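K.L.:
Please see the structure below; I have some questions.
The values are calculated or read from the model by the stated rules, or taken from the named source; none is laboratory data. Since the structure is predicted, the reported quantities are computational estimates derived from the model, not experimental observations. As a convention, Cβ positions derive from the backbone with ideal geometry for all residues, glycine included, and neighbour counts pool all protein chains shown. Accessible surface areas use protein heavy atoms only, side chains included; no ligands, DNA or RNA. Shrake-Rupley method; radii C 1.70, N 1.55, O 1.52, S 1.80 Å.
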Amino acid sequence: MKKDSNTVASVKELVLPYAQQLGLDIWDIKYLKEGKDWFLRIFIDKPGGITIEDCENLSRAIDAPLDDLTVFKNSYCLEVSSPGVERKLEKKHHFQKFIGSPVNVKLVRSLNNKKTFSGVLTNYDQDDITVTEDDGNILNFNMSDVSFVKLDDFRGDF
């Protein structure tokens, strides 16, 4: 799989105003090759969740403007969707938005014979995250040791 960051940046610049007009946030944009096919995946979010109509409305709004964008070297399949439940937190704005939310953290290497931890995300900076477990235990992880952080949508409201 390949990601073209210039293409993604151009798509984000084009799509963002349309998304904002529809009351949507851009969660992520991925331009990937899978097998012989290219995919432009735009993940959207909004308070209260995403509906099929939200995906359809944005897809229709950006279809023609994307056709006029000259950054694509190949034809692609456009997919507009929700990031889903238990979405991965990958970007700075993801972590900042969900401080105070329940998360699951998976480490690259075991710590005290465990690789997976659960709790509330209580702090984030570029290099570290802090998670407070249910028993009040505070865990600090360096991002270089983290495989992924996912929202735990099944552990409470946020």
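K.L.:
Here are some conditions: (1) open to solvent by less than 70 Å² (accessible area, probe 1.4 Å); (2) outside any helix (DSSP H, G or I). Pro65 meets all but one. Which one does it not meet?
P.N.:
Pro65 satisfies every listed condition except (2).
K.L.:
Among (1) exposed (fewer than 15 other Cβ atoms within 10 Å of the Cβ); (2) touching a Phe, Trp or Tyr at 6+ places or on another chain (Cβ under 6 Å), which single condition is Met143 missing?
P.N.:
(2)
K.L.:
Could we say that Lys88 is within 25 Å of Phe43 (Cβ to Cβ), open to solvent by 50 Å² or more (accessible area, probe 1.4 Å) and not hydrophobic (A, V, I, L, M, F, W, C) here?
P.N.:
yes
K.L.:
In the range 12-55, what count of residues is obtained for those that are surrounded by fewer than 14 Cβ atoms within 10 Å (Cβ to Cβ), in a helix (DSSP H, G or I) and without any contact (Cβ under 8 Å) to a residue 24 or more places away in the chain?
P.N.:
The number of residues fulfilling the criteria is 5.
K.L.:
Still on this model: Of the numbered conditions (1) out of contact with any Lys or Arg (no Cβ under 7 Å at 6 or more places or on another chain); (2) outside any loop (DSSP other than H, G, I, E, B); (3) open to solvent by 60 Å² or more (accessible area, probe 1.4 Å), Val80 satisfies every one except a single condition; which is it?
P.N.:
Here Val80 meets the rest and fails (3).
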